[in-house]
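Below you'll find the structure, written out as structure tokens, and then a few comments.
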Amino acid sequence: MLDSGLPDRAIRPAPFLKWAGGKWQLLGQYARFIPERYGTYHEPFLGGGAVFFHLLPQRARLSDINEELINCYEMVRNRVEDLIKALQGYPNDRETYYQVRALRPEDLSPLKRACRLIFLNKTCFNGLYRENSRGRFNTPFGYYRAPAICNPEGLRRASQALQGVELRVLSFTACIEQAEQGDFVYLDPPYYPVSATARFTAYTGRNFTEMDQEALREVVDALDRKGCAVMVSNSDTPLIRRLYRRYRIERVWAFRAISANGSRRGPISELVICNR
């Protein structure tokens, strides 16, 4: 890790999107797992990008299978002032929310697509990005009194951090070809369900299945053979422990608030898997 140009932690960027399973609260616990030195930083399940924004690596490749998400990051990187200006015109009301949600992203300009995603993210229930089987965003309105739809300074700091960063719409398997010896790869997939009733594994129109979890472990094996430093986040379940039994497995504690039932919210154990 090298000088990022943003040495004062008080003005460092934070994620500009709320994201289910976001890692902002876990950064303190993650510090001991992150290598002191590495080449390029890779994050194939980008989401809110909390680890990236915390590390501010000099070289980074960020990717995700979610086209709307990557387009949004590109607009923050490339057209942040236009984005800020456009976002300031969105009111927080139910009628506007469902009108914007009904828009087809493919009919919009890249800038308008980014505005739509940020607006829905800030005003939807729990900030939960979720798509139905047709690939359409379907989270209901959140009824928040004063959500921060537009945070100009936060977006500008994020834009500064993203300058020079490679952003791509790619499957997680692509990092095998992209990563080189000495690179650091952080993998934060949709978590394997901890119970039969906790089945949320899809941020896009398809589920992340047990077979996908097994394919991810094969990716970790390939990266390990290449000499990359690898770190994986996942649920604390027998399957995940079995899949990664040859690696270092550590437990961390997180507060997750996806459930609408407040009594079901609280600290839960998660796993961090490392090859070093």
When segment 135-155 is checked residue by residue, the ones that are farther than 19 Å from N71 by Cβ and basic (K, R) are R145
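Among the helices (runs of 4 or more DSSP H) lying completely within segment 170-276, list those that include at least 1 residues that are touching a strand residue (DSSP E or B) at 6+ places or on another chain (Cβ under 9 Å), surrounded by fewer than 16 Cβ atoms within 10 Å (Cβ to Cβ) and modelled with pLDDT of 95 or more.
238-243
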Of G48, G39, the only residue that is of a type in the set (G, A, S), assigned by TED's automatic domain parsing to the domain that holds Q181 and buried (at least 18 other Cβ atoms within 10 Å of the Cβ) is G48
Residue check, A86 more than 18 Å from the chain's Cα centre (by Cα), assigned to a helix (DSSP H, G or I) and of a type in the set (G, A, S): yes
List, please: which pairs have Cβ atoms under 6 Å, are six or more places apart or on different chains, and start with a residue in segment 204-233 that is within 16 Å of P190 (Cβ to Cβ) and end with one that is of a type in the set (S, T, Y) and in a helix (DSSP H, G or I)? V219/T173
Which ones in segment 175-186 are touching a residue at least 24 places away in the same chain (Cβ under 8 Å) and over 17 Å from the mean Cα position of the chain (by Cα)? I176, Q178, A179, E180, Q181, G182, D183
May I ask you to verify whether L62 is of a type in the set (A, V, I, L, M) and either surrounded by 19 or more Cβ atoms within 10 Å (Cβ to Cβ) or in the same structural domain as L187 (by TED's automatic domain parsing) (or both)? yes
Could you tell me which residue of segment 123-157 is farthest from A86 (Cα to Cα), considering only residues that are at pLDDT 95 or above and assigned to a helix (DSSP H, G or I)? R157
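The values are calculated or read from the model by the stated rules, or taken from the named source; none is laboratory data. In this text, all values refer to a predicted model and were calculated from it rather than measured experimentally. Methodologically, a virtual Cβ is constructed for each residue, glycine included, from the backbone with ideal geometry; neighbour enumeration extends over all protein chains shown.
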